[in-house]
Amino acid sequence: MYTPLEAFIGLRYVRAKRRNHFISFISLISMLGIALGVTTLITVISVMNGFEKELRARILGAIAHATIQPADGSLSEWREVIELVERHPEVNGAAPYIEEGVWLQGQESSGAFIRGIDPEFEPRVSEIQEKMLSGELADLIPGEYGIILGIGLASRLRVGLGDRVTVIAPRLKATPVGASPLMRRFTVVGAFEFGEFENDSALALIHMEDAARLLRIPPGSSGGVRLHLQDMYRAWAVARDISGELTRRDQALGSADDSPSYYVVRDWTQERGNLFQAVRTEKTVMWVILSLIIAVAAFNIISMLVMVVTDKQSDIAILKTMGARPGTVMRVFVIQGMVIGFIGTVLGVAGGILLALNIGAVVPFLESFFGFSLFPSDIYYITELPSDLRTADVIKFALMSLGMSLLSTIYPSWRAARTHPAEALSYE
């Protein structure tokens, strides 16, 4: 089998038992350093991907990808709007809603957001039904003034199933004794838990018709429409497209004063986008920091190759006197360095994949072995270490490791190519 001269010599140098054991030690350290760096990088980024995925599931399970509401805050023809919206190819579902910041009074008091929903449509845009600890959305019957609380909010108010909660809205109504806030007593009919602070501690659900009566909104109207999309990252563009379509429809239909309707668009990034941006920033910072481990290992390859070039001066001189070109000499040491980098990268990728896929079993073992809890349930909502291994990340980190290994071979191989045979052999 034909083997190029450069590959034959470079691989022979890798396999050879060197007289200088320190060079062999540096080679081993370089290989293990690259393997450790790649393993750590894949594992840590996979864990951060897992945290981001878990966070997205817990937060976006309760809030919509996007909302569309008329500028006057009242949408009377919401059923027609939902039919139009759901014809959009990127919309999975839509549901009406009314939302208002209120003050809740149970045994204790707390501020919260009250959301009026239609139990028939709500499962199209949220996962609240799957997160119910007690009761269900169907228990919200119009006219009976039932309320479903987040578990944290129920604990703060110190109320349970069947207890009464007074909802005080920041709107005034005229009475014989002057203006007074709108208020109504509701009965707790259920509780939900998403495992995320704002959803569990600041959200309460009531039927949309009860919300309309409480807030003095025309009967049968909603405050807007919530959307669940196929691609959450296109929420703003899709919502803007739909709002433009609704505006054109209203202009075509006309109104009593020939003034078209205008819609206010919001997406999930305006509500919780800063949190996800913080996670992405942390991932970037961790990627830079952990890449330094691979960079240090690559510097070890430089040191090792420089010492090999010094040790093999006579061999290089003999090759050049036999007609080897400088490029041939360079490729010999590039191959030697790349073999070390390749083996380290393969070991690192294998270790990173195994650790990332089994991190859920490794952490409990370490907790039981050392006798500590990494995520105490009384402090953290997430009590286990999530992991989301992505093929694109693995490929990116492997290529980065191989790239650093290749760059680390350039200077030593260039130095070897500049060896002068006469000077090198004069001391032999």
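Throughout, read-outs are computed from the coordinates displayed, never taken from laboratory work. Bear in mind the structure is a predicted one, so any value in this text is a computation, not a measurement. We place every Cβ from the backbone using ideal geometry, glycine too, and count neighbours over all the protein chains shown.
Measuring r between the beta carbons of residue 166 and residue 132 and using R0 = 35 Å, the FRET efficiency lands at 0.90. Backbone geometry of segment 30-47 corresponds, through the Karplus equation with coefficients 6.51, -1.76 and 1.60 at θ = phi - 60°, to 3J(HN,Hα) couplings of 4, 4, 5, x, 5, 4, 5, x, 5, 4, 5, 5, 5, 5, 5, 5, 5, 5 Hz, x marking Gly and Pro. Remark: segment 72-85, residue by residue, has Karplus-estimated 3J(HN,Hα) of 8, x, 9, 10, 7, 9, 5, 5, 5, 5, 5, 4, 5, 5 Hz, where x stands for each Gly or Pro and the curve is 6.51 cos²θ - 1.76 cosθ + 1.60 at θ = phi - 60°. Beta bridges per DSSP, both residues in segment 72-230: antiparallel share near 75 percent.
Cα centroids of segment 21-80 and segment 186-249: how far apart, whole angstrom? When both Cα centres are located, 26 Å separates them.
Across the options 186, 123, 133, the greatest Cα extent toward the positive end of the charge dipole of segment 72-230 (unit charges at beta carbon of Lys, Arg, Asp, Glu) belongs to 186. Label-to-label distance, residue 303 versus residue 108, with points set 7 angstrom from Cα along the beta-carbon direction: 5.8 nm.
The dipole here belongs to segment 72-230: it is taken about the Cα centre, uses +1 on the Cβ of Lys and Arg and -1 on the Cβ of Asp and Glu, and is about 760 debye. With each label modelled as a point 7 angstrom along the Cα→C-beta vector, the residue 231-residue 245 pair spans 1.6 nm. Between residue 362 and residue 282, the distance separating the two model label sites (each 7 Å from Cα on the Cα→Cβ line) works out to 1.9 nm. At 20 °C and 1.002 mPa s, grab the translational diffusion coefficient of segment 72-230 from Stokes-Einstein with a Kirkwood Rh over Cα pairs, rounded to a whole number in µm² per second. Stokes-Einstein gives a translational diffusion coefficient of 134 µm²/s.
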